[in-house]
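Participant: One structure follows; several queries about it will come next.
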Amino acid sequence: MDRSNAESRVKELQELLSRYNYEYHVLDKPSVPDVEYDKLLHELKQLEEEYPEFLTPDSPTQRIGGSVLEQFSKVNHKTPMLSLGNAFNEQDLRDFDKRVRKAVGDKISYICELKIDGLAVSLRYEKGLFVQGATRGDGSVGEDITANLKTIRSIPLRLNKPFSLEVRGEAFMPRSSFLQLNKEKEEREELPFANPRNAAAGSLRQLDPRIASSRNLDLFLYGIGELGETGAETQSGGLDLLSELGFKTNKERRKCESIEEVLQYVEEWTEKRAELEYDIDGIVIKVDSLSQQEELGTTVKSPRWAIAFKFPAEEVVTVIRDIELS
Ligand SMILES: NC(=O)c1cnc(OC2CCCC2)nc1N
């Protein structure tokens, strides 16, 4: 194949494989069998090796970086990553609703989101290209885990619009992957992870991206760091925009026009949470209007416009292993 054909074939394969990856990992609706994906990826790898001048950082072949890091460098979050205040019962939620109405009046809508039990991460995009990812850390300074986040297939390496923005989400390990990982650890006589959240945190803290890549991690986006830039006026509109940009967002979210509807949603998911393929530890309730969020503002570390309803801790039956009488 001559050089100019190679160049157009590389571009065609990069587009095709990015689309197939999006269909599989974000929409959960693959349009081609895995074997077809693997064949095309192999062809692209070979062409990029033969013509390295056509290799781009957002190529589907660039998800697993080469080097093992010595350590993670620090990242200063442009906008602080806030933490949520908690509610534990119906009265706490009614009190939250009263505080909100007192501050911004009675014309309010809420949006309820499942509270994914993983770890908060922030992704920065410059002109559409994924350039950096970080853990929440203390809310102001986190760790640079870009190489590990690039291995999460549902994270787009390039957006379908050349936006520069920072987005926030929860990285998690699906329950099935957690069980499989612990089975392998026990076979290797290694200590298993206590829960999917710890497994996800441990996997994202690996210095070797090949290990992170093998852990089948995933991510739901739930916030845009700098909302103004995108023109979103509500949290729900922001989530729809994240979806349009190619991000994976959680489809179980629901607009609620009253605290009664919020309580209904909380009740519904208290029952249904076991059916999910991932762990949730509660429900996040947010005032939907971004201007009302601004009006409500934040305390030192938490927004006044959001609260986390926490599910009661499940009965944790610890199986005491037969202790080998040594
Ligand atoms: N674990 C989650 O699923 C989750 C966490 N946090 C938030 O929003 C917080 C972030 C900063 C103020 C509101 N939303 C979520 N869905």
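Participant: Testing residue 9 on (1) among the charged types (D, E, K, R); (2) surrounded by 14 or more Cβ atoms within 10 Å (Cβ to Cβ); (3) closer than 24 Å to residue 147 by Cβ, one condition comes back false. Which one is that?
Facilitator: The failed condition is (3).
Participant: May I pose another question? What strands (runs of 3 or more DSSP E), lying completely within region 204-312, carry at least 2 residues that are within 16 Å of the ligand (Cβ to nearest atom) and out of contact with any Leu (no Cβ under 7 Å at 6 or more places or on another chain)?
Facilitator: Of the strands (runs of 3 or more DSSP E) lying wholly inside region 204-312, those with at least 2 residues that are within 16 Å of the ligand (Cβ to nearest atom) and out of contact with any Leu (no Cβ under 7 Å at 6 or more places or on another chain) span 218-224, 254-256, 280-287.
Participant: Just to be sure I understand, how many residues within region 75-106 are of a type outside the set (Gly, Ala, Ser), over 20 Å from the mean Cα position of the chain (by Cα), loosely packed, with under 13 Cβ neighbours inside 10 Å and outside any helix (DSSP H, G or I)?
Facilitator: So the answer is 3.
Participant: Here's another thing I want to ask about it. Yes or no: residue 273 at pLDDT below 95 and either of a type in the set (Asp, Glu) or farther than 17 Å from residue 96 by Cβ (or both)?
Facilitator: So residue 273 fails the test.
Participant: Additional query: Restricting the search to region 1-49, which residues are among the acidic types (Asp, Glu) and either on the phi > 0 side of the Ramachandran plot or not in a helix (DSSP H, G or I) (or both)?
Facilitator: Scanning region 1-49 gives 2, 28.
Participant: Condition first: closer than 20 Å to residue 280 by Cβ and β-branched (Val, Ile, Thr). Can you find one or more residues in region 115-125 that meet it? Outline the logic, then answer.
Facilitator: To start, the set of residues in region 115-125 that are closer than 20 Å to residue 280 by Cβ comprises 115-121.
From what's left, β-branched (Val, Ile, Thr): 116, 121.
Yes: region 115-125 contains one or more residues that are closer than 20 Å to residue 280 by Cβ and β-branched (Val, Ile, Thr).
Participant: How many residues are among the hydroxyl-bearing types (Ser, Thr, Tyr) and outside any helix (DSSP H, G or I) when one looks only at region 158-203? Reasoning before the result, please.
Facilitator: Initial filter on region 158-203 (among the hydroxyl-bearing types (Ser, Thr, Tyr)): 164, 176-177, 203.
Keeping just the survivors that are outside any helix (DSSP H, G or I) gives 164.
Matching residues across region 158-203 total 1.
Participant: Please go through region 20-34 and give me each residue that is under 21 Å from residue 45 (Cβ atoms) and either surrounded by 14 or more Cβ atoms within 10 Å (Cβ to Cβ) or of a type in the set (S, T, N, Q) (or both), ordered by number.
Facilitator: 20, 21, 22, 23, 24, 25, 30, 32
Participant: Give me the pairs: first residue in region 296-312 and under 15 Å from residue 234 (Cα atoms) and at pLDDT below 95, second residue surrounded by 16 or more Cβ atoms within 10 Å (Cβ to Cβ) and among the charged types (D, E, K, R), beta-carbon distance under 9 Å, and six or more apart or on different chains, which are they?
Facilitator: none
Participant: Can you confirm whether residue 133 is under 22 Å from residue 28 (Cβ atoms) and either within 16 Å of the ligand (Cβ to nearest atom) or not in a helix (DSSP H, G or I) (or both)? Show your work before the answer.
Facilitator: On the way: under 22 Å from residue 28 (Cβ atoms): no; either within 16 Å of the ligand (Cβ to nearest atom) or not in a helix (DSSP H, G or I) (or both): yes.
In short, no.
Participant: If I ask for residues that are more than 16 Å from the ligand (Cβ to nearest atom) and not in a loop (DSSP other than H, G, I, E, B), which ones from region 113-130 would you list?
Facilitator: Kept after step one, since they are more than 16 Å from the ligand (Cβ to nearest atom), are these residues of region 113-130: 124-130.
Result: 124, 125, 126, 129, 130.
Participant: Quick one: how many residues across region 46-55 are surrounded by 15 or more Cβ atoms within 10 Å (Cβ to Cβ) and either of a type outside the set (Phe, Trp, Tyr) or at pLDDT below 95 (or both)?
Facilitator: Of the residues in that region, 3 qualify.
Participant: Okay, next question. Just to be sure I understand the filter: pairs with C-beta atoms under 7 Å, separated by 6 or more residues or on different chains, first member in region 251-263 and free of Cβ contacts under 8 Å to residues at least 24 places away in the same chain, second member surrounded by 12 or more Cβ atoms within 10 Å (Cβ to Cβ). Which pairs pass?
Facilitator: none
Participant: Applying the selection to region 80-95, what residues are near the ligand (Cβ under 10 Å from one of its atoms) and either on the phi > 0 side of the Ramachandran plot or of a type outside the set (S, T, N, Q) (or both)? Please lay out each step first, then the result.
Facilitator: To start, the set of residues in region 80-95 that are near the ligand (Cβ under 10 Å from one of its atoms) comprises 80-85.
The answer is 80, 81, 82, 84, 85.
The values are calculated or read from the model by the stated rules, or taken from the named source; none is laboratory data. It should be emphasised that the depicted structure is a prediction, and the values quoted were computed from it without experimental measurement. Here Cβ is always computed from backbone atoms with ideal geometry, including for glycine, and neighbour counts include all displayed protein chains.
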